[in-house]
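Worksheet for the structure shown next.
The values are calculated or read from the model by the stated rules, or taken from the named source; none is laboratory data. Predicted, not measured: the structure shown is a model, and the values here were computed from it. Every residue, glycine among them, receives a Cβ derived from its backbone with ideal geometry; neighbour counts consider all protein chains shown.
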Amino acid sequence: MAPPRMNLVDDDVLAEILLRLPPDEPEHLFRAALVCKPWLRVICLPAFRTQYRAFHGAPPLLGLLYRNQVCDGDPTPRFASTTSMPDFPHPASDRCPARPLDCRHGRVLLHMSHDSDVDLLVWDPVTGDRRVVPEPDIDWMVYTAAVLCATAGCDHLDCHGGPFRVVFLATDDREEVVQATVYSSATAAWSPPVSLDDSCECYARHKRDATAEMMFFSSYIPYVQPR
């Protein structure tokens, strides 16, 4: 029986070396984990992942989610990667296009167009998890929405699969009143809508005018690596 191999580098020293792999290419850590079992063991330690995030600070940009919809001509790429990693499998299709509304803590909020079964979708590109969110019972012409982590005291280092909230803010073309409601994944329900005060009327007009002038909308939403 062959004697067990000795580690030439202490795990703590190895971790300090691996911490310095640049985070702008996610494949660096993946390739390092394939070198040998000791490297794989160190990289898979929860403590190492926490140290790696703290060492490099802000997570890197992985790509851009395209917002504009094309009526004629070839469809535009829905996700433009800024790294060597391949594109994420997008939940939209040519039959059911989707427009990204917001991106935060690794989740993407999409508005699914021309789909009678799906209105809003919360999508985790890394895990592939998809959560259907019904559209709130609000009459609207112009709206905006955001997805938020709902875990109390969360440091957002690993929000995958956790509870979330969707904030929906809208106004219609008849009454310049902004209404807001919040969806909770824990209850799978929207909160009763509330009308905001008169100070928001100018905001409602601004959002309505901005929709008429599409130049005010940016074309891309950045997607950063979940922390």
Filter result (surrounded by 15 or more Cβ atoms within 10 Å (Cβ to Cβ) and of a type in the set (Val, Ile, Thr)) within segment 24-61: VAL42, ILE43
Candidates VAL194, VAL133, filtered to the one that is surrounded by fewer than 14 Cβ atoms within 10 Å (Cβ to Cβ) and at pLDDT 85 or above: VAL194
Residue match in segment 151-164 (condition: at pLDDT 90 or above and surrounded by fewer than 17 Cβ atoms within 10 Å (Cβ to Cβ)): no
All positions within segment 19-46 that are in a helix (DSSP H, G or I) and more than 22 Å from VAL126 (Cα to Cα): LYS37, PRO38, TRP39
Checklist (1) touching a helix residue (DSSP H, G or I) at 6+ places or on another chain (Cβ under 6 Å); (2) modelled with pLDDT of 80 or more applied to VAL142, failing item: (2)
Pair list, Cβ under 7 Å, 6 or more apart: segment 127-152 residue within 11 Å of VAL167 (Cβ to Cβ), other residue among the acidic types (Asp, Glu): ALA145/ASP102; ALA146/ASP102; VAL147/ASP102
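Is it the case, given these coordinates, that ARG31 is basic (Lys, Arg), modelled with pLDDT of 85 or more and either touching a Leu at 6+ places or on another chain (Cβ under 7 Å) or over 23 Å from ARG104 (Cβ atoms) (or both)? Let's see the steps before the verdict.
Numbers: basic (Lys, Arg): yes; modelled with pLDDT of 85 or more: yes; either touching a Leu at 6+ places or on another chain (Cβ under 7 Å) or over 23 Å from ARG104 (Cβ atoms) (or both): yes.
Yes: the conditions hold for ARG31.
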